[in-house]
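The values are calculated or read from the model by the stated rules, or taken from the named source; none is laboratory data. Nothing here was measured: the structure is a model prediction, and the numbers come from that model. All Cβ positions, glycine included, derive from the backbone under ideal geometry; neighbour counts span all protein chains shown. Only protein heavy atoms, including side chains, enter the accessible area calculation; ligands, DNA and RNA are left aside. Shrake-Rupley method; radii C 1.70, N 1.55, O 1.52, S 1.80 Å.
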Amino acid sequence: MSTILSSMPLRRSSWWKMQLYGYLLVLPALCFLLLFTHYPAVATIWESLFSASRNNHPAHFVGLDNYMALLDDDIFIQSLWNNLLYALITIPLAVILALLMALAVNRRMAGNALVRAAFFIPSLLPMIAIANLWLFFYTPQLGLLNKLLALFSLPAVNWLGEPSTSLYCLMAVSVWREAGFFMIFYLAALQQIDPRLSEAAQIEGASRGYFFRRVQWPLLMPTTLFVLINASMNAFRIVDQVIAMTNGGPNNSSSLLLFYIYRTAFSFWDMPAAAAMTVVLLVILAAIALIKFNLLDKRAHYQ
């Protein structure tokens with residue numbers, strides 16, 4: 001009995017040493033996480049509660065005034081609605097197209113590696129290069145799209161100069177670029193599915209559509225959840241594409257939320273207003289992530 005009691009302090013000491021050793025191992029990563037993630041987030045929230053310092057007038061605490069001012073900012077409201085519409089259209093299209101491309105290249109066929117590379121290459125190009133490439137398609141009179149319209153005797157369209165089409169032109173570029181990137185994740189997930197399931201489905205006479213609905217799609221739910229979260233973040237952080245192609249015009253019809261934050265901070269030098277809009281953006285992204293995790297994670301089948 002005395003031997004057992006004497007060994008208990010040693011076990012506790014060993015347990016605390018293991019805990020300390022573990023925390024020391026994660027300390028460098030934790031420092032970087034706090035320095036570059038949590039501290040900027042807290043600093044942004046704090047700055048959004050102050051006024052802008054201008055004309056030798058120091059900033060002072062204004063509380064939620066910057067957030068209330070956003071409700072009267074017509075450009076902010078329009079940019080927010082533009083971004084929501086942008087996300088509602090580009091996210092499903094990019095995910096569906098990525099899944100279809102992954103299903104297509106998952107089969108054994110001639111030139112399969114070349115087709116995979118062709119699908120994936122757009123995601124490797126810088127956004128500025130992609131924007132300039134697509135400007136060739138959208139250029140009035142000389143663009144490829146207007147050349148195709150001329151073949152059918154249709155009038156030319158100023159794709160990026162019309163408020164009714166400028167935002168949708170940006171959407172097309174994003175879907176084209178992101179679908180190939182998401183295809184890689186779906187392709188990897190498809191190749192992890194046990195081939196014996198396909199063999200069993202063929203023996204039972206199941207069609208490809210039935211096999212996809214009942215077997216492949218449920219097993220792809222974890223990948224779909226991951227892709228949806230990434231697609232949502234990408235939809236709300238578009239700024240370089242807007243600057244290169246439309247600069248938010250015409251009449252702010254293609255202005256997105258992050259672009260307006262950038263312009264408010266570095267063109268108008270209103271950092272507190274930009275910080276308030278950034279907090280709104282973070283809340284939107286957090287809400288989207290929570291909704292998707294609560295709805296889709298319960299349906300995900302983890303192998």
Q) Since G249 meets every condition but one in (1) of a type in the set (G, A, S); (2) out of contact with any Pro (no Cβ under 8 Å at 6 or more places or on another chain); (3) at pLDDT 90 or above, which condition does it not meet? A) (3)
Q | Complete set of residues in the range 263-292 that are surrounded by fewer than 17 Cβ atoms within 10 Å (Cβ to Cβ) and farther than 18 Å from L84 by Cα | A | F266, S267, F268, W269
Q. Which of the residues belonging to the range 36-61 are on the phi < 0 side of the Ramachandran plot and not in a helix (DSSP H, G or I)?
A. S48, L49, F50, S51, A52, S53, R54, H57, P58, A59, H60, F61
Q | Residues within the range 104-124 that are surrounded by 13 or more Cβ atoms within 10 Å (Cβ to Cβ) and in contact (Cβ under 8 Å) with a residue 40 or more places away in the chain, tallied | A | 7
(Q) When you check Q191 against the structure, is it over 25 Å from T278 (Cβ atoms), in contact (Cβ under 8 Å) with a residue 60 or more places away in the chain and surrounded by fewer than 16 Cβ atoms within 10 Å (Cβ to Cβ), yes or no? (A) yes
Q. Just for the range 36-55: of the residues that are at pLDDT 85 or above and open to solvent by 100 Å² or more (accessible area, probe 1.4 Å), which one is nearest to the chain's Cα centre (by Cα)?
A. F36
(Q) Tell me whether the range 78-95 contains one or more residues that are under 30 Å from Q191 (Cβ atoms), in contact with a Phe, Trp or Tyr (Cβ under 8 Å, 6 or more places away or on another chain) and hydroxyl-bearing (S, T, Y). (A) no
Q: Provide a single number: the residues in the range 65-103 that are part of a helix (DSSP H, G or I), free of Cβ contacts under 8 Å to residues at least 24 places away in the same chain and farther than 17 Å from T224 by Cα.
A: 6
